[in-house]
């Protein structure tokens, strides 16, 4: 049985698991990210920007898996034979495959289209290597040749490399010199080649059986190659001295794949015994061994900038993440210096040396200073609170250095190290059981938590997490202050020690710490219930965070920089890649971050803004008003939005500098004066409409009139004018609407004023002759003859017979009973319309449905108040003279739905000829609406006059009366094949 410290066999399950290996000093955390069952996997590759793993299968297919969503996203059916190699070419969006049919095929992985294919060798294609910068690929084959292909020259074979005497199993470019590459062959040799030379530079011999795999060391400190062979040994070679520096055993079957990790100080070996072994690259010490039970291992792939490792097996593929992706880096915000580790080298950059002002999100041009090498491999680096010391932790040890000269100050064993808020204190965790507290570099106390210690957290209180929750202890007495039932991944304390953020795997909590409650508790009391108070719970994943005042700044899982203040989350910026917070420099008002490649960027974040928001949340408006002048004007709108969210709209209006935002706030507050000023400045119809609506609600009709006028809202002006009974305003509105071509508004305005002649002119001008005839019969019988003549002319142009069928009441008066009485009523109403009565008399006016115009006319005639002269000549003149103002151009306007008619006299009877069928009468019905206008043709645009008259035109009352009575009845008689339209 293989000992536990060498091999860990995991169960075959699909869920993500985390395994912590404690056998080796590196103590690497290994997390399985993807398990994909499939046929035998012959090669794997990783995409540098997409979360994709490429797998070529023995059955002839190539799959692309998304290791974040654990889904199969693309499949290429290459051929029916094994595909032994496949590579991404990201700059071309390609996948290149090599298979046992000797073909090289190129696919576009976005469209799945096959771009090109050609026969590359005379035997199985074993390996493909893509040049990192040039348009070249290398291929190796069982025909013992290596070939160089140029895709920019139609895939011409640019060079052939000969020298191996057996199958060439693998080729790999030198990452430090792209013009050289190495090859592994079953002839038991490794060869190093140079582009441009067809013969090898040199050959490395030492394996007793065929060599299956080879890889270069990525670091600049060692000129090393690694190889694995069928003799079950792994060899490390110095290719400058051409010597073997180390031989490693342990695998029980052929070595199928080897790989130097480009980021971590490890290399990996895979074997047909089903295991993947992880070795320390410096000590050549076995760190851990993985066996996922997928039978034989055939391939391994790593990638610079990522801790992911892809593994191909007989029964599928697995992706694991080895170690922390977060770089070992720390920032002294007080001194403005950043320290990081590149492998075992400690380097420093000084932010104060930056000359010109940095742009948000741009990489900073920093001068890197080498501070020296560290005795251990740094996994974490932390400055203490005052910046004088920094600690490097890794390999199960810690070393405290002076931050200026990297002088060793203290060291010891530790799985984890944290600083206290007091710079002279720190704590270490040894294993899962013991926590030690140090003061001034001397051990002060040691204790074993009841529930174990899976992690520790520094700050104002010492935090110890375990499977049962998080416990906070006092640094001096180690008394339990409070136990909280969560398992946080990070704990962040504010500088004033009154707030703390607890970040878990899927959310974070903001707690308020009551130091006074703890101080007043009895000496022997523990787990003080009121020590913490919940402030907020946010469903967001915190990757890294820090406090500035009472603002908690953090990066989240979707690559955003946010900060939390007073229950509100504000987004500072969106990031294009995962980045890690380093610190905030108040002097520069900038927030600094870095990525995995240790590229440092910064973003502007004004301290004055944060202080102002903090004061507002504390409702300390005196402090807020004192800080406000220090906030630059270009940032005050952001502050105003924050105030608005907090419900302080008046303060937001005073602070904001954005006219749009100020106008919205003024409307929300009902501040008509400010809104009016802003609307004038903007001169936007939309704003004028919004202000008009608010002014109407507030009863400020003069202001509403001005706003509607500025917005050219004719419909709104008409509504306002009719609501206030302002005849002058209606008259002006009609004139303006006529000038601007708003015919519906013009018609309604004149109709409301009782000016039926102008209404007729509008109908005629817009070529609404039939409607004009109906309108004239109802409201202006004296105009009927002229309109009928126009109608006949218009209709005769289409059909002469139809035109002649129209009857003129002057010629066929017997067909129009009551026509003469209608003429008298028209004249009576025209005279009545000239009179005005005060609006106060409205309650005494006879309602529309009760008024009888014919009886009113007869009563006025009997009393002598009205005299009618039957001027037939004038009528004839009117009949003979066409109405002026007719235009031929048709307007796409219509007045439809004329439903009301003037009921002249119910007692009038008519005598008709026997041949004419009995007249069908329709009982008049009242309507509560005025003349109905087709909604599609009614333009809604507004305008108004300032003078609101207190009198109402008699014409307006007559209009209201008419709109509730049936306008007309149409009877069609058939007499001697002539259709006669009779109007009532």
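Inspect all residues belonging to region 718-727 and state whether any of them is in contact (Cβ under 8 Å) with a residue 12 or more places away in the chain, in a helix (DSSP H, G or I), on the phi < 0 side of the Ramachandran plot and out of contact with any helix residue (DSSP H, G or I) (no Cβ under 7 Å at 6 or more places or on another chain).
Within region 718-727 (the criterion being in contact (Cβ under 8 Å) with a residue 12 or more places away in the chain, in a helix (DSSP H, G or I), on the phi < 0 side of the Ramachandran plot and out of contact with any helix residue (DSSP H, G or I) (no Cβ under 7 Å at 6 or more places or on another chain)), the answer is no, since none of the residues qualifies.
Could you go through region 483-494 and let me know if any residue there is crowded, with 16+ Cβ neighbours inside 10 Å, touching a residue at least 60 places away in the same chain (Cβ under 8 Å) and closer than 20 Å to residue 420 by Cα.
Yes - at least one qualifying residue is present in region 483-494.
Of all residues in region 763-806, how many are closer than 22 Å to residue 822 by Cβ and either in contact (Cβ under 8 Å) with a residue 60 or more places away in the chain or crowded, with 23+ Cβ neighbours inside 10 Å (or both)?
First, pick out the residues of region 763-806 that are closer than 22 Å to residue 822 by Cβ: 763-764, 768-792, 806.
Then drop every residue that is not either in contact (Cβ under 8 Å) with a residue 60 or more places away in the chain or crowded, with 23+ Cβ neighbours inside 10 Å (or both), which leaves 763-764, 768, 771-779, 781-790, 806.
Of the residues in region 763-806, 23 are closer than 22 Å to residue 822 by Cβ and either in contact (Cβ under 8 Å) with a residue 60 or more places away in the chain or crowded, with 23+ Cβ neighbours inside 10 Å (or both).
Of all residues in region 521-552, how many are outside any strand (DSSP E or B), out of contact with any helix residue (DSSP H, G or I) (no Cβ under 6 Å at 6 or more places or on another chain) and farther than 19 Å from residue 472 by Cβ?
So the count comes out to 3.
Do you know which residues across region 133-144 are farther than 16 Å from residue 196 by Cβ and surrounded by fewer than 19 Cβ atoms within 10 Å (Cβ to Cβ)?
143
Tell me, please, whether a residue that is modelled with pLDDT of 90 or more and over 26 Å from residue 338 (Cβ atoms) can be found in region 383-402.
No, region 383-402 contains no residue that is modelled with pLDDT of 90 or more and over 26 Å from residue 338 (Cβ atoms).
Tell me, which strands (runs of 3 or more DSSP E) wholly within region 319-402 include 1 or more residues that are more than 27 Å from residue 222 (Cα to Cα) and in contact with a strand residue (DSSP E or B) (Cβ under 8 Å, 6 or more places away or on another chain)?
Values: elements: 329-332, 337-342, 345-350, 368-373, 380-383, 389-394, 397-402.
Of the strands (runs of 3 or more DSSP E) lying wholly inside region 319-402, those with at least 1 residues that are more than 27 Å from residue 222 (Cα to Cα) and in contact with a strand residue (DSSP E or B) (Cβ under 8 Å, 6 or more places away or on another chain) span 329-332, 337-342, 345-350, 380-383, 389-394, 397-402.
Kindly evaluate residue 49 against the criterion of being farther than 30 Å from residue 429 by Cα, assigned by the TED database to the domain that holds residue 317 and outside any strand (DSSP E or B). Full working, then the answer.
On the way: farther than 30 Å from residue 429 by Cα: yes; assigned by the TED database to the domain that holds residue 317: yes; outside any strand (DSSP E or B): yes.
So residue 49 passes the test.
Check residue 417 against each of (1) at pLDDT 90 or above; (2) outside any loop (DSSP other than H, G, I, E, B); (3) surrounded by fewer than 19 Cβ atoms within 10 Å (Cβ to Cβ) and name the one condition it does not meet.
Going through the list (1) at pLDDT 90 or above; (2) outside any loop (DSSP other than H, G, I, E, B); (3) surrounded by fewer than 19 Cβ atoms within 10 Å (Cβ to Cβ), residue 417 breaks only (3).
Only residues that are at pLDDT 85 or above, farther than 19 Å from residue 358 by Cβ and buried (at least 17 other Cβ atoms within 10 Å of the Cβ): list them for region 561-576, please.
Narrowing region 561-576 to residues at pLDDT 85 or above: 561-565, 569-576.
Then drop every residue that is not farther than 19 Å from residue 358 by Cβ, which leaves 562-565, 569-571.
If the condition is that a residue be at pLDDT 85 or above, farther than 19 Å from residue 358 by Cβ and buried (at least 17 other Cβ atoms within 10 Å of the Cβ), then 562, 563, 564, 565, 570 are the ones that fit.
Assigned by the TED database to the domain that holds residue 134, in contact with a strand residue (DSSP E or B) (Cβ under 9 Å, 6 or more places away or on another chain) and part of a loop (DSSP other than H, G, I, E, B): which single residue out of 81, 72 fits that description?
Values: 72 fails: part of a loop (DSSP other than H, G, I, E, B).
Step by step, each of 81, 72 is checked, and only 81 is assigned by the TED database to the domain that holds residue 134, in contact with a strand residue (DSSP E or B) (Cβ under 9 Å, 6 or more places away or on another chain) and part of a loop (DSSP other than H, G, I, E, B).
So residue 361 passes all but one of these: (1) at negative phi; (2) surrounded by fewer than 22 Cβ atoms within 10 Å (Cβ to Cβ); (3) within 40 Å of the chain's Cα centre (by Cα); (4) modelled with pLDDT of 85 or more. Which condition number does it fail?
All conditions pass for residue 361, except number (1).
So which of 492, 426 ends up being more than 22 Å from residue 507 (Cβ to Cβ) and either in contact with a helix residue (DSSP H, G or I) (Cβ under 9 Å, 6 or more places away or on another chain) or not in a loop (DSSP other than H, G, I, E, B) (or both)? Working first, answer last.
On the way: 492 fails: more than 22 Å from residue 507 (Cβ to Cβ).
Checking each option against the conditions leaves just 426.
Among the residues of region 768-815, count how many are in a loop (DSSP other than H, G, I, E, B) and within 21 Å of residue 757 (Cβ to Cβ). Lay out the reasoning, then the answer.
So the first thing to find is which residues in region 768-815 are in a loop (DSSP other than H, G, I, E, B), and the list is 768, 780, 797-799, 805-812.
In the following step, the residues that additionally are within 21 Å of residue 757 (Cβ to Cβ) were identified as 768, 780, 808-810.
Number of matching residues: 5.
Residues being surrounded by fewer than 19 Cβ atoms within 10 Å (Cβ to Cβ) and in contact with a helix residue (DSSP H, G or I) (Cβ under 9 Å, 6 or more places away or on another chain): count how many of those fall in region 105-132.
3
When you look at residue 254, is it surrounded by fewer than 23 Cβ atoms within 10 Å (Cβ to Cβ) and under 24 Å from residue 319 (Cβ atoms), yes or no? Write out each step before concluding.
Numbers: surrounded by fewer than 23 Cβ atoms within 10 Å (Cβ to Cβ): yes; under 24 Å from residue 319 (Cβ atoms): yes.
Yes; evaluated as a whole, the condition is true for this residue.
Scan the strands (runs of 3 or more DSSP E) fully inside region 112-211 and keep the ones with 1 or more residues being closer than 19 Å to residue 259 by Cα and at pLDDT 95 or above.
Working: elements: 114-119, 125-130, 136-141, 146-150, 156-161, 168-174, 177-185, 189-194, 202-205.
It comes to 125-130, 136-141, 168-174, 177-185, 189-194, 202-205.
Of all the residues that make up region 263-287, how many are within 27 Å of residue 315 (Cα to Cα) and in a loop (DSSP other than H, G, I, E, B)? Give the steps one after another, and end with the answer.
Of the residues in region 263-287, the ones within 27 Å of residue 315 (Cα to Cα) are 266-279, 286-287.
Then drop every residue that is not in a loop (DSSP other than H, G, I, E, B), which leaves 272-275.
Number satisfying all stated conditions: 4.
Restricting attention to region 268-293, which residues are closer than 20 Å to residue 70 by Cα and surrounded by 23 or more Cβ atoms within 10 Å (Cβ to Cβ)?
Of everything in region 268-293, just one residue is closer than 20 Å to residue 70 by Cα and surrounded by 23 or more Cβ atoms within 10 Å (Cβ to Cβ), namely 292.
Among the residues of region 807-817, write down those that are farther than 26 Å from residue 767 by Cα and buried (at least 19 other Cβ atoms within 10 Å of the Cβ). Full working, then the answer.
In the first step, residues of region 807-817 are kept if they are farther than 26 Å from residue 767 by Cα; the result is 813-815, 817.
Of everything in region 807-817, those that are farther than 26 Å from residue 767 by Cα and buried (at least 19 other Cβ atoms within 10 Å of the Cβ) turn out to be 815, 817.
Out of the residues in region 377-399 that are more than 39 Å from the chain's Cα centre (by Cα) and more than 23 Å from residue 283 (Cα to Cα), which is surrounded by the fewest Cβ atoms within 10 Å (Cβ to Cβ)?
Among those that are more than 39 Å from the chain's Cα centre (by Cα) and more than 23 Å from residue 283 (Cα to Cα), it is 386.
Being free of Cβ contacts under 8 Å to residues at least 60 places away in the same chain and over 18 Å from residue 550 (Cα atoms) is the filter; apply it to region 577-589 and report the residue that is surrounded by the most Cβ atoms within 10 Å (Cβ to Cβ).
579
For region 433-445, name all the residues that are part of a strand (DSSP E or B) and more than 17 Å from residue 466 (Cα to Cα).
We begin by selecting, within region 433-445, every residue part of a strand (DSSP E or B); these are 434-439, 442-445.
Once the filter is applied, which keeps residues that are part of a strand (DSSP E or B) and more than 17 Å from residue 466 (Cα to Cα), region 433-445 yields 437, 438, 439, 442, 443, 444, 445.
The values are calculated or read from the model by the stated rules, or taken from the named source; none is laboratory data. Only a predicted model underlies this, so the values are computations on that prediction, with no experimental measurement involved. Here the Cβ is made from the backbone with ideal geometry for all residues, glycine too, and neighbour counts use every protein chain on show.
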